[in-house]
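Worksheet for the structure shown next.
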Protein chains: 4
Amino acid sequence: MRRLRMGMIGGGAGAFIGPVHRIAAELDREIELVAGVFSSDAARSADAAVDYRIAPERAYASLDSMFSQEAARSDGIDFVSIVSPNHHHVQAAQVALAAGLPVFVEKPLTTSLEEAKMLRDLVLSSGLPLGVAYTYSGYPLVREARARILAGELGDIRKVVVEYPQGWLAGDALGKQAEWRVDPARAGLGGCIADIGVHAFHLAEFVTGLRVTRLLADLGTVVPGRLLDDDCSILLRFENGARGVLLASQIETGELNGLRIRVYGDKGGLVWKQEEPNTLTISRNDGSSTSLRAGTSVLSPDAVARTRTPGGHPEGYLEAFANLYRDFAAMLRGESAPLLPDINEGVRGMMFIQTAVTASRENLGWVTVEH
Amino acid sequence: MRRLRMGMIGGGAGAFIGPVHRIAAELDREIELVAGVFSSDAARSADAAVDYRIAPERAYASLDSMFSQEAARSDGIDFVSIVSPNHHHVQAAQVALAAGLPVFVEKPLTTSLEEAKMLRDLVLSSGLPLGVAYTYSGYPLVREARARILAGELGDIRKVVVEYPQGWLAGDALGKQAEWRVDPARAGLGGCIADIGVHAFHLAEFVTGLRVTRLLADLGTVVPGRLLDDDCSILLRFENGARGVLLASQIETGELNGLRIRVYGDKGGLVWKQEEPNTLTISRNDGSSTSLRAGTSVLSPDAVARTRTPGGHPEGYLEAFANLYRDFAAMLRGESAPLLPDINEGVRGMMFIQTAVTASRENLGWVTVEH
Amino acid sequence: MRRLRMGMIGGGAGAFIGPVHRIAAELDREIELVAGVFSSDAARSADAAVDYRIAPERAYASLDSMFSQEAARSDGIDFVSIVSPNHHHVQAAQVALAAGLPVFVEKPLTTSLEEAKMLRDLVLSSGLPLGVAYTYSGYPLVREARARILAGELGDIRKVVVEYPQGWLAGDALGKQAEWRVDPARAGLGGCIADIGVHAFHLAEFVTGLRVTRLLADLGTVVPGRLLDDDCSILLRFENGARGVLLASQIETGELNGLRIRVYGDKGGLVWKQEEPNTLTISRNDGSSTSLRAGTSVLSPDAVARTRTPGGHPEGYLEAFANLYRDFAAMLRGESAPLLPDINEGVRGMMFIQTAVTASRENLGWVTVEH
Amino acid sequence: MRRLRMGMIGGGAGAFIGPVHRIAAELDREIELVAGVFSSDAARSADAAVDYRIAPERAYASLDSMFSQEAARSDGIDFVSIVSPNHHHVQAAQVALAAGLPVFVEKPLTTSLEEAKMLRDLVLSSGLPLGVAYTYSGYPLVREARARILAGELGDIRKVVVEYPQGWLAGDALGKQAEWRVDPARAGLGGCIADIGVHAFHLAEFVTGLRVTRLLADLGTVVPGRLLDDDCSILLRFENGARGVLLASQIETGELNGLRIRVYGDKGGLVWKQEEPNTLTISRNDGSSTSLRAGTSVLSPDAVARTRTPGGHPEGYLEAFANLYRDFAAMLRGESAPLLPDINEGVRGMMFIQTAVTASRENLGWVTVEH
């Protein structure tokens, strides 16, 4: 079976996330990167083509030229992956859908809920797949956690604590990665909450299979002069009445990328940590806890199928990301991929961001999260 | 120098905390347990005397008999330790102070803020020492953390996350330890918040040297039919503007006694975990973190003086507790023990409990924590 | 029931192990320290009495004076604890036994196997109890490990790896603790192997319930000028044919007191680490492992009885040590304490040391360890 | 720059290591898999081509056909990667070299030292690059460890402990992966020692920059009926006099792939563990230890260049492997890649295996490891 051909939008020099998408997409050899609008500056887009080792003529400087020229080729792109800063997402997705191409897009989906809903209408009317890069849901043990919770292993879920500590925005001097993330014009209405809080939110709903129905948000800006939030504390209620806490911060000095989740039911509790992703631990009140290791026969078939090496050979972020692309490729081939975050999850994330930002800014206390 | 003689109030059969106080008090041989009102039932008090191996005639069934008879002895008690359920604290303390005896008392200080303030007046007018068993502040590495933060090693403090997860009250069937803790008549106005939340609160203020000035409390009752809170999420602000989160729960199935604290400044972050108490870790944004081990020469003299074995020989809860008694003994000998939680810290804890309970019950949002 | 009265031999100023024995012995209030020959220097022995807070007249400067004067008291000592450097053990034990007193003695039992056997004869003919301070066998989870292995939970034992890394003798400048340990006249024929290797050896036999039948020893001296071994690698065979490795070192810079053991059977594997002593982990080949926590209901009754606090309240070295004294006290009261290391285990340790030292020095390859 | 074209030898259906090589080789897009003799069975080789998504006409059933047909193409292969069982390595490498193609080959290099030396002569006379898949030396923090040790951060190296515990061969019923590894005809003279012991050996020499000069080997077969060793204990001496221990086992039930190394010098000690590969810890005798995290600015430039994601985004086995292929690609482009294991390291590994197997079988005690 031939490989699916990907066109990238964004991801030029200095971008962290472009090469990551390239590796993840290609890891299982179901997809290959063949073209891109890596930058709106022609020279920089061409430079990126060299870095990515794709044909120079397929590095474009505008969406229009990519879509028109690729459409004219027999080996043109099959879908696009949008990895540019948030404010570009909606327009790029629109053009791609109009060109009849499926879309894989970075989170957050857009810079506002309104845009997100508009995009949802476009996607639904197009009938085309759209995947959202809630990367952490691609980890095999995150899926194992979900499977076990849905199977009732923890009993009724009562409490969820999801945390996402980072420290890289604790200082003033920021590099290219940071710069646009703290600029409302490019990042949108949320800072930390849109950059990482939304990951934590998706993870909580994904792992538990429960929707958040209410929240109380306390978003703050710690670094002087910053225009967006960089530290978020959010209390949650889930549809079944479970209580929750979501903490996300980018000013916790010394933290790298410490996303982690704990879920407690009346029969057991579970913990998973992104920085040690190959272990999932389930505890009981008798004082015992069981650790399950990635790549081993104790896991459910779906989790096993999402690893590429035997137990004890650590897999990480890139492999988790590749699992999303594998799901996406399956959808493009007409198969089912129910765990891939879709347009609805993308809109859901924007709903979370908008609700939290508004509630915090206006000090509203507990507010409803629309479904 | 002779050992100080302790009388215990409470701590009869089935009590967990009585033997713990006995061990902690005697560990350094500065104190010895010689008498007690272990129960108001004479037979049970006598049984306890056998268990504690103290002279049978010094097991009393009432405060009055203990104080009067001990006062008549040349080797009578030098102070009392109050380890009974919360609703007994204030009366026992009152009588002891009236008898001219210093008091060491379990937390929370009392069952209400009003009682606590009344007790403070008594203590201040008596001029006698009163120590409060915020046990976790006795760990050497907690004191090291405080020393380093006060010395500026983390820079300006911006964020504090303190968590106290337990799971032992997740079920319905409760033993003697649990029973009174969920009964408002004996525990007072708070459940989880008074039993463990107050430890977390003290730890946060102790380690940072900063007072909490405002909070937003969300106290819930998860186990059906329970009358007091068993799950608490509280957002904090400190006097210097630092943001904070305090989480305490007794329904997180599988958690044992997971108190832990993370403090972040603009130069570094620090983490300490009660279940692995002999390590303190300080991280920086360059990707390095330094772990300091109890009992080693890298620590400050005060922390070293609070360990009894060389590095690598784990000490734990009992030794931390013994450090409080060592401080208390120092005070009784007229020395200074500035780190021992005193009556003000006891009142402070009740202020926290009362403020949080009221704010949560009446859904007040952010409220001020009086100083 | 009255407390047993202990006389200490050794443990004067600067000794680490004296206060440790005092705390451990008294922790459960079954024993109290009342007398001692803390030093053969009368002034120093008297100073120690002040530190230990015992009556000044019960600080002796010779064994003879202690035994004669204590025997004359109605409240004289019930047993002695010998904590002096190794070369004093045998004589002190001899005198104590001759005085009709049970003995608790630090490891290694003596400075030579010959002495050890002689002492065994004395003990056996006296009919008096003698306990040996193989402290690590007092940890509750070490006993749990033993119970589970003997119950067959791991299947047939095939492999044992026991390690004891320390770094404190990596340098030249040594304090009082180190000084006598590297002096053959006081330490005996072994350095590292006698100081910590013997702990590892006992732990391996204790946990597995299997005797070592052969060994191949490679003892080295790393620090220039040192006269005794400071780094030991020993290959083992057990009576059932299981293979083993014992590593002990005092020159592994940065290691504190890292004793740990792994035991593998055909059904499962087990690991316990002294520096995190409250967790025992059992793994299976399906990729799952179960951690058991001290103080919880998942453990066997014997292990539960050897903790003093609920799960999550860490206990450590002193509490493990106290468990040995509790066993010893039980023996003195005429009860059974089958897990307490006795004279046979003491001799066994000397057999190990002597066999390994000889085999290594003479480069004998595999040799038999006599039973 | 165009991608280098790889031909694979071995790696057909059921092989674990073939897809791993494919992913690793292609991860950085410097190499692409285009052809292969995946099996000597034509149908199975064709099936593999489908799995790998390469052109069907480039799946060959013999070395000759691949080399001749690829040589005839303008886009023929640039090098071969040999991933078949050990007994195929030498012949495949010979043919490739004869065809003028560089070779990347799995470890162990061959099934005997004699073969290995013969191959070395061929490589040296050909002037072509040959890389050996000592995968673990590709981890960024392994390289960081080496860099820091060579820079003297630990002082003079005194002790090395390298361990490689696995449990997957603890049972009798073995899958395809295991079957050939326990068959002398296909695996060669060593079982566990050749499969994983040689990794540990290379890691020890790589990280320390020191050669092993003597060893004492105790290789055993634990599972009844097995013909090769499955449990190895080896004592080492390094060229500078440092002492060492190498433990490798495949019958340690419950262990997955626990390769780890500890190196101690007179100034510090270091530990790295393959199952948690993104942390490197350096300890000192003052009781402090510093952990360095992958992908952060605290590392040397070379280690940073060997990660693809920022700190806190875990990388693992596949990325480490990709680092070897990146080095190999650099060599093929004429650049220097001094850390890539070459033919000499391959021969060195065979020297280790042969020396240890012989010494153990004939019970020789300490023997010299030829240089």
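The values are calculated or read from the model by the stated rules, or taken from the named source; none is laboratory data. What you see is a predicted model, and the numbers here were worked out from it, not measured in a lab. Glycine also receives a Cβ, built like all others from the backbone with ideal geometry; neighbour counts cover every protein chain displayed.
Could you tell me which of the residues B:Val80, B:Val90 is part of a strand (DSSP E or B) and under 29 Å from B:Val182 (Cβ atoms)?
Going through B:Val80, B:Val90 in turn, just one is part of a strand (DSSP E or B) and under 29 Å from B:Val182 (Cβ atoms): B:Val80.
Of the conditions (1) touching a helix residue (DSSP H, G or I) at 6+ places or on another chain (Cβ under 7 Å); (2) within 18 Å of B:Met350 (Cβ to Cβ); (3) surrounded by fewer than 20 Cβ atoms within 10 Å (Cβ to Cβ), B:Glu114 clears all except one; give me its number.
Against the list (1) touching a helix residue (DSSP H, G or I) at 6+ places or on another chain (Cβ under 7 Å); (2) within 18 Å of B:Met350 (Cβ to Cβ); (3) surrounded by fewer than 20 Cβ atoms within 10 Å (Cβ to Cβ), B:Glu114 comes up short only on (1).
With the requirement that a residue be facing another protein chain (nearest Cβ under 7 Å) and among the basic types (Lys, Arg), what does the range C:288-306 give you?
C:Arg293 - this is the single residue of the range C:288-306 that is facing another protein chain (nearest Cβ under 7 Å) and among the basic types (Lys, Arg).
Filter the range A:220-249 down to residues that are touching a strand residue (DSSP E or B) at 6+ places or on another chain (Cβ under 8 Å) and among the basic types (Lys, Arg) and give me whichever is nearest to the other protein chains (Cβ to nearest Cβ).
A:Arg243
Would you confirm whether or not the range B:82-102 contains a residue that is surrounded by fewer than 21 Cβ atoms within 10 Å (Cβ to Cβ), more than 25 Å from the chain's Cα centre (by Cα) and farther than 25 Å from B:Val198 by Cβ?
There is no residue in the range B:82-102 that is surrounded by fewer than 21 Cβ atoms within 10 Å (Cβ to Cβ), more than 25 Å from the chain's Cα centre (by Cα) and farther than 25 Å from B:Val198 by Cβ.
Anything in the range C:10-65 that is within 20 Å of C:Asn86 (Cα to Cα), among the basic types (Lys, Arg) and away from chain B (no Cβ under 12 Å)? List them, or say none.
Answer for the range C:10-65, where residues must be within 20 Å of C:Asn86 (Cα to Cα), among the basic types (Lys, Arg) and away from chain B (no Cβ under 12 Å): just C:Arg44.
Considering every residue within the range A:282-297, establish whether at least one is in the same structural domain as A:Arg158 (by TED's automatic domain parsing), within 22 Å of A:Leu246 (Cβ to Cβ) and in contact with a Ser or Thr (Cβ under 6 Å, 6 or more places away or on another chain).
yes
This table checks each residue for (1) within 14 Å of chain D (Cβ to nearest Cβ); (2) buried (at least 23 other Cβ atoms within 10 Å of the Cβ); (3) in contact with a helix residue (DSSP H, G or I) (Cβ under 9 Å, 6 or more places away or on another chain).
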| residue | (1), (2), (3) |
| --- | --- |
| C:Trp180 | no, no, yes |
| C:Pro184 | no, no, no |
| C:Gly188 | no, yes, yes |
| C:His202 | no, yes, yes |
| C:Leu210 | no, no, yes |
| C:Arg214 | yes, no, no |
| C:Asp218 | yes, no, yes |
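Go through (1) farther than 12 Å from C:Tyr139 by Cβ; (2) touching a Lys or Arg at 6+ places or on another chain (Cβ under 7 Å); (3) within 14 Å of chain A (Cβ to nearest Cβ) one by one and return the number of the condition C:Leu256 breaks.
The failed condition is (3).
From the residues in the range C:259-281 that are under 30 Å from C:Ala178 (Cα atoms) and either basic (Lys, Arg) or at the interface with chain D (Cβ under 7 Å from one of its Cβ atoms) (or both), which one is surrounded by the fewest Cβ atoms within 10 Å (Cβ to Cβ)? Step through it out loud before you land on a result.
The first filter runs over the range C:259-281 and keeps only residues under 30 Å from C:Ala178 (Cα atoms), leaving C:259-262, C:271-278.
Okay, now just the ones that are also either basic (Lys, Arg) or at the interface with chain D (Cβ under 7 Å from one of its Cβ atoms) (or both), so C:260, C:262, C:273.
Numbers: C:Arg260: 18, C:Arg262: 24, C:Lys273: 16.
Among those residues, the one meeting the criterion is C:Lys273.
So which residues in the range D:337-366 are over 22 Å from the mean Cα position of the chain (by Cα) and either in a loop (DSSP other than H, G, I, E, B) or within 11 Å of D:Ile234 (Cα to Cα) (or both), if there are any at all?
Answer for the range D:337-366, where residues must be over 22 Å from the mean Cα position of the chain (by Cα) and either in a loop (DSSP other than H, G, I, E, B) or within 11 Å of D:Ile234 (Cα to Cα) (or both): D:Ala359, D:Ser360, D:Glu362, D:Asn363, D:Leu364, D:Gly365, D:Trp366.
Look at C:Gly316 and say whether it is within 9 Å of chain A (Cβ to nearest Cβ) and buried (at least 21 other Cβ atoms within 10 Å of the Cβ).
So C:Gly316 does not fit the description; no.
Being surrounded by 23 or more Cβ atoms within 10 Å (Cβ to Cβ) and within 14 Å of chain B (Cβ to nearest Cβ) narrows it down to one of A:Leu119, A:Leu154, A:Leu130, A:Leu141, so name that one.
Just a single option satisfies the conditions, and that option is A:Leu154.
Tell me the residue from C:Val298, C:Val271, C:Val245, C:Val198 that is within 30 Å of D:Asp286 (Cα to Cα) and without any contact (Cβ under 8 Å) to a residue 24 or more places away in the chain, please.
C:Val271
Could you go through the range C:66-81 and let me know if any residue there is of a type outside the set (D, E, K, R), surrounded by fewer than 19 Cβ atoms within 10 Å (Cβ to Cβ), within 14 Å of chain B (Cβ to nearest Cβ) and farther than 16 Å from C:Gly10 by Cβ.
no
Just one of (1) within 14 Å of chain B (Cβ to nearest Cβ); (2) free of Cβ contacts under 8 Å to residues at least 24 places away in the same chain; (3) hydrophobic (A, V, I, L, M, F, W, C) trips up A:Ala170, so point out which.
All conditions are met except number (2).
Output the number of the condition that A:Asp195 fails; it satisfies all remaining conditions of (1) closer than 20 Å to A:Glu362 by Cα; (2) of a type outside the set (Phe, Trp, Tyr); (3) more than 7 Å from every other protein chain (Cβ to nearest Cβ); (4) surrounded by 22 or more Cβ atoms within 10 Å (Cβ to Cβ).
Here A:Asp195 clears every test but (1).
Checking A:Arg326 against (1) within 14 Å of chain C (Cβ to nearest Cβ); (2) touching a residue at least 12 places away in the same chain (Cβ under 8 Å); (3) not β-branched (Val, Ile, Thr), only one condition comes out false. Which one?
(1)
Considering the range D:286-295 alone, what residues qualify as being in contact (Cβ under 8 Å) with a residue 24 or more places away in the chain and part of a strand (DSSP E or B)?
Within the range D:286-295, D:Leu292 is the sole residue that qualifies.
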